Amino acid sequence: MKKECIAMLLAGGQGSRLYALTDRAAKPIVPFGGKYRIIDFPLSNCANSGIDVVGVLTQYQPLLLNSYIGSGQPWDLDSLKGGVYILPPYQSAGGKGGWFSGTANAVYRNMDFADMWDPDYVLILSGDHIYKMNYAEMLAAHKDSGADCTIAVIRVPKEEASRFGIMSTGEDGFVSEFAEKPKKPKSDLASMGIYIFSWKKLREYLLRDEANPKSDKDFGKNIIPLMLAEGEKLLPFPFGGYWRDVGTLDSLWEANMDLLDPNLIDLFDVNWPIRSRSPIKPPQYLGQNAKLKHNIITEGCELEGTVESSVLSNSVTVAEGALVSHSVLMPGCVIEKGARVEYSVIGENAIIGKNARVGSPPKPGEKPLLTTCGPDSVVEAGEIIPAGTMLYYDRRAI
């Protein structure tokens with residue numbers, strides 16, 4: 001079936017910099033913003049942009065992610081003429097099989113899926129970014145310019161530029177230089193890891209890159225520089241909205257805290273809804289002694305204590321006399337009587353025992369030192385977990 005544009009969503013990353021939160025689950029399935037999972041954002045963007053064929057390339061700990069996506073129905077991606085498809089690594093006849101060796105290799109090994117839809121264009125996405133973006137506008141710019149590849153870009157602080165793929169543009173507006181994570185960036189124009197390629201052109205470069213034994217099989221390190229070196233037209237597409245790569249604990253916590261400011265990212269926009277597979281839970285319950293200030297609180301929560309400047313997912317319990325401040329509590333957390341949780345990220349179904357202390361506020365003028373308790377971890381009654389500690393479900397602490 002012919003499609004003008006399909007999406008390939010890279011969702012197989014281990015997310016090692018999220019440590020305990022991704023010890024047993026893929027990064028895109030990590031809870032976010034009380035009601036969502038990280039992958040809800042690119043999937044919702046696809047649905048809202050009219051892109052109804054999405055291949056989700058999975059790899060690390062895929063079970064929960066596959067189960068969550070299902071048929072794609074929550075994102076309206078279960079149509080008869082499209083759909084969302086889980087694309088794990090596989091071994092073809094006579095092939096070596098094994099894991100994807102890079103982002104470009106992941107797409108190369110699923111070229112048959114792309115060819116099945118005979119697309120004119122392919123949209124490449126990452127599964128670990130928080131943003132709202134109309135890909136249809138990016139596609140229109142790609143077509144109007146006659147570009148071979150269009151790269152979504154955002155301005156970043158110069159001191160952070162070395163974390164990104166950085167590009168410069170010529171007088172014609174097309175990319176003239178590109179460097180992946182340069183030590184000395186020449187500009188502040190950063191790649192967001194979102195690309196639109198003309199499929200025939202990308203197919204050609206994937207085949208060439210795969211044949212190169214020295215290649216890292218990566219879009220930023222190999223495909224984009226090779227296309228630029230050979231004179232292909234690479235168009236930067238500026239994005240002015242909210243965007244965050246939530247690949248680290250600090251960035252995940254900061255992005256959750258950003259949701260408390262509706263001027264940064266609007267989740268109440270009826271014209272661009274962020275959809276999710278939300279569990280059926282009872283209404284939130286606020287006890288007579290509950291004290292709440294400046295929070296996001298989801299259904300199924302039972303709150304008797306004090307909660308301030310925090311983001312609570314579904315089915316969280318905060319008992320009487322407990323304090324939660326500047327923290328992210330994922331589904332099913334229990335904060336027992338008298339416990340204090342400050343500047344922390346608490347994983348799914350974790351239990352913080354009576355009168356325990358988890359984390360602490362930063363000193364004036366200093367950056368918070370986050371404390372993390374992984375999914376299913378237990379902090380015993382009266383126990384103190386110092387700021388900056390990483391606690392795993394099996395009591396490993398780093």
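Brief remarks on what is shown
- Top positive-direction residue, dipole computed over the chain with Cβ charges, set PHE268, ALA387, MET330: ALA387
- Solvent-accessible area of region 277-398 (1.4 angstrom probe, protein heavy atoms only): carbon and sulfur portion equals 52 percent.
- For region 45-161, size of Cβ-based charge dipole, Lys and Arg +1, Asp and Glu -1, in debye: 280 debye
- For the chain, built as a Gaussian network whose Cα springs stay under 10 Å, the top-fluctuating residue of ASN222, ASN212, ASN110: ASN212
- A simple packing score, the average count of other Cβ atoms within 10 Å per residue, orders the peptides 299-308, 263-272, 182-191 as 299-308, 182-191, 263-272, with the highest score first.
- Between region 363-387 and region 328-357, the Cα center-to-center distance that results, in Å: 9 Å
- Each 10 Å bin from zero holds the following percent of Cα-Cα pairs in region 304-369: 25, 58, 15, 2.
- Nearest-20 debye value, region 317-398 charge dipole, Cβ charges on Lys, Arg, Asp, Glu: 220 debye
- Prolate/oblate/rounded call for region 1-113, Cα gyration tensor, a/c under 1.5 rounded: oblate
- Taking 0.36 nm per residue of separation and subtracting the Cα-Cα distance, full extension of the segment from LEU267 to ASP250 would add 4.0 nm.
- Furthest towards positive pole of dipole, GLY240, GLN288, SER168, structure part region 165-305, Cβ charges: SER168
- Excluding ligands, DNA and RNA, the accessible surface per residue across region 104-146 is 32 Å² with a 1.4 Å probe.
- Excluding ligands, DNA and RNA, the accessible surface per residue across region 196-335 is 46 Å² with a 1.4 Å probe.
- Kirkwood analysis of region 64-159, using all unique Cα-Cα pairs, places the hydrodynamic radius at 16.5 Å.
- Across all directions, the average projected area of the convex hull around the alpha carbons of region 183-225 is 3.9 nm².
- Ignoring lysines fewer than eight residues from LYS337 along the same chain, the ones with Cα atoms less than 24 angstrom from its Cα are LYS281, LYS291, LYS293, LYS354.
- Across region 110-121, rounded Karplus estimates of 3J(HN,Hα) from the backbone phi angles (6.51 cos²θ - 1.76 cosθ + 1.60, θ = phi - 60°) give 10, 5, 4, 5, 5, 4, 4, 9, 6, x, 7, 9 Hz, Gly and Pro being marked x.
- CD proxy at 222 nm, helix term only [per DSSP H run n ≥ 4: -39500 (n - 2.57); per residue of the chain; nearest 500]: -4500 deg cm²/dmol
- Most fluctuating residue given options SER327, SER71, SER315, as computed from a GNM of the chain linking Cα atoms under 10 Å: SER71
- Taking LYS367, LYS337, LYS221 in turn, the Gaussian network model of the chain (Cα-Cα springs below 10 Å) assigns the largest fluctuation to LYS367.
- Across LYS3/LYS35; LYS143/LYS201; LYS81/LYS143; LYS143/LYS214, pairs whose alpha-carbon gap is larger than 21 Å: LYS3/LYS35; LYS81/LYS143; LYS143/LYS214
- Share of carbon and sulfur in the accessible area of region 67-162 stands at 49%, probe radius 1.4 Å.
- Each Lys and Arg Cβ is given +1 and each Asp and Glu Cβ -1; about its Cα centre, the chain then shows a dipole of about 640 debye.
The values are calculated or read from the model by the stated rules, or taken from the named source; none is laboratory data. Just so it is clear, the structure is predicted and the values come from calculations on it, not from any experiment. All Cβ positions, even for glycine, are placed from backbone atoms using ideal geometry, and neighbour counts span all protein chains on display. Surface accessibility is based on the protein's heavy atoms, side chains included, excluding ligands, DNA and RNA. Shrake-Rupley method; radii C 1.70, N 1.55, O 1.52, S 1.80 Å.
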